[in-house]
Amino acid sequence: MNRSTIALELRGLVKHFDRPAVDGLDLSVRAGQFYALLGPNGAGKTTTLRIVAGLLRPDAGAVSVLGIDALAEPIAAKRLIAWVSDEPMIYDKLTPFEYLEFVAGLWSMDAGTAEARARELIEWLGLAPHAHERCQSFSKGMRQKVALAGALVHEPRLLILDEPLTGLDAGAARQVKDVLTARVRGGATVIMTTHILEVAERMAERIGIIDKGRLIAEGTLDELRRQAGRAGSSLEDVFLDLVAKQSNAA
Amino acid sequence: MSQPATLTWFARHEFNLMWRDWVSLMTAGKRGREPILAGVAVVFAVLVHLLAYFLIAPLARAGIAPDKTTLVVLTGGAFLSCSLMLSQAMESVTRAFYARADLDLILSSPASARRVFAVRMATIALSTTLLTTVLAGPFINTLAFYDGPRWLAAYGVLLALGALSTALAIAVTVALFRGLGPKRTRLISQIVSAVVGAGFVIGVQAAAIVSTGSFSRLAFLRSEDLVARAPEAAHLIWWPARAAMGDLGALAAALGVGLGVLFLVIAVFSPNFGDHVVAASGVVYEGRKKHRRRTAFRPASTRHALRRKEWTLLRRDPWLMSQTLMQILYLLPPALLLWRNFGDDLGGLLILVPVIVMASGQLAGGLAWLAVSGEDAPDLVAAAPIPARAVLAAKIEAVLGAVALVVAPLILALALAAPKIAAVAALGVAVSAASGAMIQIWFRAQAKRSNFRRRQVSSRVATVAEALSSILWAGTAVLAAAGSWFAAATALLALLTLAATWAIRPRRKKGDILL
């Protein structure tokens, strides 16, 4: 693989809390891919993604974002990344318009460019009727859409989302999925964790499965089926089978 | 064992919750700290008893006669306690209406909402009384020890005042609820409770400044003029004071009135408790208000975007702003002193310096907690391409800017009367505010902004250090303004305090969030 086409590369990533959360993880994601990172609860998915987003420091290992050493040059790497957590962290007392203005300020964007993008996102995500209302009374779905708009306003080349569809109704989930698909078509890379395996099955080009902080399987759905020896099975069956095999082996 | 859903069953549940909440508050939620808590409680009890001993033992030994001066002082003390209890009770009653906690569970059960309300209000009365008793108890004990056990009747007066304050708090809150609606009541009731809490202290202090030109409330209460103007000793207004001094008839009357009014208020208002809670729970879903539409993004540097965000959030949260600015209420008496002495008594103006400097340190500490620990979107800010130092610097600039805005009018007025004193005060404000903010940065811990009033729980060291630093910088400023070289000593102590606080700050674990 050409290094310049790799959006994210993790080598020997280690992070311990009370126990190993990430245990020598190696992972490569090509630029322009929709990548789903799956794993049981406590597998180390969120810890891994928080390290990539610059929210945690690893105990060991290397993180490269589009060729930039994210541990040595965190600011340069952060310019290219957007992070959306499962619990949308927005400001109750700001309106979506003001929130996007603030995010644009954090990423030092030109006000005119940022405003045009913000308006486009607000429209696209169906937030226009609420663009000038404070977020305090928004539903979980609307808050998640505001957070997603914030993540997209600075045109990140690597978008990292931790369970972005949790708690969303069907309409909001569809909008979020459409936005992500469009970003990948536009050349961005999306890495997403999810427990909704049907979403990963339908949307992801490649899927990584981690358990106990290690990558136990990786590839397209067909490649994973072959690894599990379950041709034609659903991702759910493949996932459960691979995780069970790993547990038995341990 | 009491039968489920009866009054005693609910009471047991409430006391259990209240006890656990208190222990959690005192131990910052950390297990295994109960023995330390017990030790601290004993040390605190000994210290406040010692303080009470030094303050009133000489008086008590000589015997305290129920003359008019004593009655005025005791009644003033009762009013002070009552205003504090009313303030605390109003805050608790409001919380009982708005805090969801277990109310969804209880109100969706077949249990009587009326009983829940009755028990909750009785618990509020008891906790309100207990808090004041902790502060007043050592004084009562000292008086009882040296001047006879008759003074123990004061505990009964505290209970009566606690019950009366709670009854008043319920009535006022329900009246606000019915008159203004649930949406406005929460904010207004919180502000009223804070103003009531500070109001009597500030009022007496203002009266002391106007009549005697000093800050001493006791001197004012004992002043010949006030005592001469007060009603005769046989007047009904002195009954609580008489009761506190052991007049059993007056004590029975005080208890009868206090507890009677509380029972009456609970009986009258408890049938509508469920309706009020349901109305309060609907506040968040009420119509969304559109705000003045800005049509364009404003260009801003990263730091300015952060500062602007902090100021906007503060401006838009009137409850937080009222809590923060409440400290500024205590600047009113010195402002009064400034106005009174303007142009003729520069020496009197010196007293302003420590008050302004100390208030600035405390205000900066509170605002810094909101900006740093109370950051609502720490992931967003930490994931942005800005060095953590720049984020903290922008937040501190926002805090210091807000402090400057609040104290600037006072400093400017002072500058017109005494430029040198004003310059020293301004320097003191800057140093004290910066110190308060730095301490909050060293001890930052992620928390919800709504926990502002309980921020001291996350670190008592930070709270004590912030207070100590403010006091020492206040002392330094007043000594410097007076031209005393002792200012160097207090400044050194303040710096040592900061150095010691920095040395014991919690170490950021390798891998902590990079803010």
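One residue stands out in segment B:6-23 among those that are assigned to a helix (DSSP H, G or I) and of a type outside the set (A, V, I, L, M, F, W, C): the one that is farthest from residue B:95 (Cα to Cα), namely B:8.
From the list A:111, A:62, A:72, A:118, which residue is at pLDDT 90 or above, in contact with an Asp or Glu (Cβ under 9 Å, 6 or more places away or on another chain) and within 25 Å of residue B:389 (Cα to Cα)?
Numbers: A:111 fails: at pLDDT 90 or above; A:72 fails: in contact with an Asp or Glu (Cβ under 9 Å, 6 or more places away or on another chain); A:118 fails: within 25 Å of residue B:389 (Cα to Cα).
None of the others qualify; the one that does is A:62.
Reported count of residues in segment A:142-154, each being open to solvent by 10 Å² or more (accessible area, probe 1.4 Å), more than 10 Å from chain B (Cβ to nearest Cβ) and either more than 14 Å from residue A:94 (Cα to Cα) or in a loop (DSSP other than H, G, I, E, B) (or both), is 1.
What tally of residues in segment B:18-58 results from selecting those that are touching a residue at least 40 places away in the same chain (Cβ under 8 Å), closer than 20 Å to residue B:129 by Cβ and open to solvent by 80 Å² or more (accessible area, probe 1.4 Å)? Within segment B:18-58, residues that are touching a residue at least 40 places away in the same chain (Cβ under 8 Å), closer than 20 Å to residue B:129 by Cβ and open to solvent by 80 Å² or more (accessible area, probe 1.4 Å) number 0.
Restricting attention to segment B:243-266, report how many residues are closer than 16 Å to residue B:75 by Cα, open to solvent by 60 Å² or more (accessible area, probe 1.4 Å) and either touching a Cys at 6+ places or on another chain (Cβ under 6 Å) or part of a helix (DSSP H, G or I) (or both). Qualifying residue count, segment B:243-266: 0.
Taking segment B:133-154 only, how many residues are surrounded by 20 or more Cβ atoms within 10 Å (Cβ to Cβ) and without any contact (Cβ under 8 Å) to a residue 12 or more places away in the chain? Count: 0. With the condition kept exactly as written, say whether any residue in segment B:399-418 is open to solvent by less than 30 Å² (accessible area, probe 1.4 Å), within 30 Å of residue A:73 (Cα to Cα) and within 14 Å of another protein chain (Cβ to nearest Cβ). For segment B:399-418, residues open to solvent by less than 30 Å² (accessible area, probe 1.4 Å), within 30 Å of residue A:73 (Cα to Cα) and within 14 Å of another protein chain (Cβ to nearest Cβ): absent.
Matching residues to (1) part of a loop (DSSP other than H, G, I, E, B); (2) within 13 Å of another protein chain (Cβ to nearest Cβ):
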{"site": "A:35", "(1), (2)": "no, no"}
{"site": "A:43", "(1), (2)": "yes, no"}
{"site": "A:55", "(1), (2)": "yes, yes"}
{"site": "A:62", "(1), (2)": "no, no"}
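Counting just the residues of segment B:249-297 that are β-branched (Val, Ile, Thr) and modelled with pLDDT of 65 or more, which one comes out farthest from residue B:238 (Cα to Cα)?
Of the residues in segment B:249-297, the ones β-branched (Val, Ile, Thr) are B:257, B:261, B:265-266, B:268, B:277-278, B:283-284, B:295.
Still in the running and modelled with pLDDT of 65 or more: B:257, B:261, B:265-266, B:268, B:277-278, B:295.
Working: B:257: 14, B:261: 19, B:265: 25, B:266: 27, B:268: 29, B:277: 39, B:278: 42, B:295: 64 Å.
This residue is B:295.
Of all residues being assigned to a helix (DSSP H, G or I) and free of Cβ contacts under 8 Å to residues at least 12 places away in the same chain in segment A:107-123, which is nearest to the other protein chains (Cβ to nearest Cβ)? Just the residue, please. The extreme case among them is A:111.
Checking the condition touching a residue at least 40 places away in the same chain (Cβ under 8 Å) and over 20 Å from residue A:37 (Cβ atoms), which residue from A:149, A:231, A:170, A:249 passes?
None of the others qualify; the one that does is A:149.
Results for (1) among the charged types (D, E, K, R); (2) out of contact with any Leu (no Cβ under 7 Å at 6 or more places or on another chain); (3) assigned to a helix (DSSP H, G or I), shown as yes or no for each residue.
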residue: B:25; (1), (2), (3): no, yes, yes
residue: B:35; (1), (2), (3): no, yes, yes
residue: B:50; (1), (2), (3): no, yes, yes
residue: B:55; (1), (2), (3): no, yes, yes
residue: B:58; (1), (2), (3): no, yes, yes
residue: B:61; (1), (2), (3): yes, yes, yes
residue: B:83; (1), (2), (3): no, yes, yes
residue: B:88; (1), (2), (3): no, no, yes
residue: B:94; (1), (2), (3): no, yes, yes
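Of the candidates B:164, B:130, B:126, the single residue that is in contact (Cβ under 8 Å) with a residue 40 or more places away in the chain, in a helix (DSSP H, G or I) and open to solvent by 10 Å² or more (accessible area, probe 1.4 Å) is B:164. The condition (being within 16 Å of residue A:159 (Cβ to Cβ) and open to solvent by less than 20 Å² (accessible area, probe 1.4 Å)) is satisfied by just one residue among A:105, A:54: A:54.
Here are some residues: A:80, A:94, A:100. Which one is hydrophobic (A, V, I, L, M, F, W, C) and open to solvent by 10 Å² or more (accessible area, probe 1.4 Å)? Explain how you work it out, then say what you get.
Numbers: A:94 fails: open to solvent by 10 Å² or more (accessible area, probe 1.4 Å); A:100 fails: open to solvent by 10 Å² or more (accessible area, probe 1.4 Å).
Matching residue, one of A:80, A:94, A:100: A:80.
Among (1) among the hydrophobic types (A, V, I, L, M, F, W, C); (2) over 19 Å from residue A:172 (Cα atoms); (3) at the interface with another protein chain (Cβ under 9 Å from one of its Cβ atoms); (4) assigned to a loop (DSSP other than H, G, I, E, B), there is one condition residue A:71 misses while meeting the rest; what is its number? Result: residue A:71 passes all but (3). For segment B:371-386, filtering for residues that are assigned to a loop (DSSP other than H, G, I, E, B) and either within 7 Å of chain A (Cβ to nearest Cβ) or of a type in the set (Lys, Arg) (or both) leaves 5.
Consider segment A:194-212. How many of its residues are under 17 Å from residue A:28 (Cβ atoms) and either open to solvent by less than 30 Å² (accessible area, probe 1.4 Å) or of a type in the set (S, T, N, Q) (or both)? Show your work before the answer.
Residues of segment A:194-212 under 17 Å from residue A:28 (Cβ atoms): A:204-210.
Subset that is either open to solvent by less than 30 Å² (accessible area, probe 1.4 Å) or of a type in the set (S, T, N, Q) (or both): A:204, A:207-210.
Qualifying residue count, segment A:194-212: 5.
Would you confirm whether any residue within segment A:80-102 is assigned to a loop (DSSP other than H, G, I, E, B), more than 8 Å from chain B (Cβ to nearest Cβ) and without any contact (Cβ under 8 Å) to a residue 24 or more places away in the chain? Yes.
Table: residues versus (1) without any contact (Cβ under 8 Å) to a residue 12 or more places away in the chain; (2) in a helix (DSSP H, G or I); (3) within 14 Å of chain A (Cβ to nearest Cβ); (4) touching a Gly at 6+ places or on another chain (Cβ under 8 Å).
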position	(1), (2), (3), (4)
B:359	no, yes, no, no
B:364	no, yes, no, yes
B:390	no, yes, yes, no
B:397	no, yes, no, no
B:424	no, yes, no, no
B:429	no, yes, no, no
B:450	yes, yes, yes, no
B:455	no, yes, no, yes
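Within 27 Å of residue A:236 (Cα to Cα), of a type outside the set (Lys, Arg) and either under 16 Å from the mean Cα position of the chain (by Cα) or surrounded by fewer than 19 Cβ atoms within 10 Å (Cβ to Cβ) (or both): which single residue out of A:8, A:25 fits that description? From the options A:8, A:25, the qualifying one is A:8.
I need a count of the residues in segment B:69-123 that are basic (Lys, Arg) and open to solvent by less than 40 Å² (accessible area, probe 1.4 Å).
At the first step, the residues of segment B:69-123 found to be basic (Lys, Arg) are B:95, B:100, B:114-115, B:120.
With open to solvent by less than 40 Å² (accessible area, probe 1.4 Å) added as a condition, the list becomes B:120.
Of the residues in segment B:69-123, 1 are basic (Lys, Arg) and open to solvent by less than 40 Å² (accessible area, probe 1.4 Å).
Scanning segment A:124-141 for residues that are open to solvent by 50 Å² or more (accessible area, probe 1.4 Å) and modelled with pLDDT of 90 or more gives a single hit, A:129.
Considering each of B:450, B:459, B:373 in turn, give the residue that is open to solvent by 40 Å² or more (accessible area, probe 1.4 Å) and hydroxyl-bearing (Ser, Thr, Tyr). Before you say what the answer is, go through the steps one by one.
Working: B:459 fails: open to solvent by 40 Å² or more (accessible area, probe 1.4 Å); B:373 fails: open to solvent by 40 Å² or more (accessible area, probe 1.4 Å).
Going through B:450, B:459, B:373 in turn, just one is open to solvent by 40 Å² or more (accessible area, probe 1.4 Å) and hydroxyl-bearing (Ser, Thr, Tyr): B:450.
Here residue B:446 fulfils each of the conditions (1) part of a loop (DSSP other than H, G, I, E, B); (2) under 30 Å from residue A:76 (Cβ atoms); (3) touching a Phe, Trp or Tyr at 6+ places or on another chain (Cβ under 9 Å) apart from (3).
Only a single criterion out of (1) open to solvent by less than 10 Å² (accessible area, probe 1.4 Å); (2) modelled with pLDDT of 85 or more is not satisfied by residue B:159, namely (1).
The values are calculated or read from the model by the stated rules, or taken from the named source; none is laboratory data. Please read these numbers as outputs of a predicted model, since none were measured by experiment. FYI the Cβ positions are ideal-geometry reconstructions off the backbone, even for glycines, and counts take in every protein chain you see. The accessibility values were calculated without ligands, DNA or RNA, using every heavy atom of the protein model including side chains. Shrake-Rupley method; radii C 1.70, N 1.55, O 1.52, S 1.80 Å.
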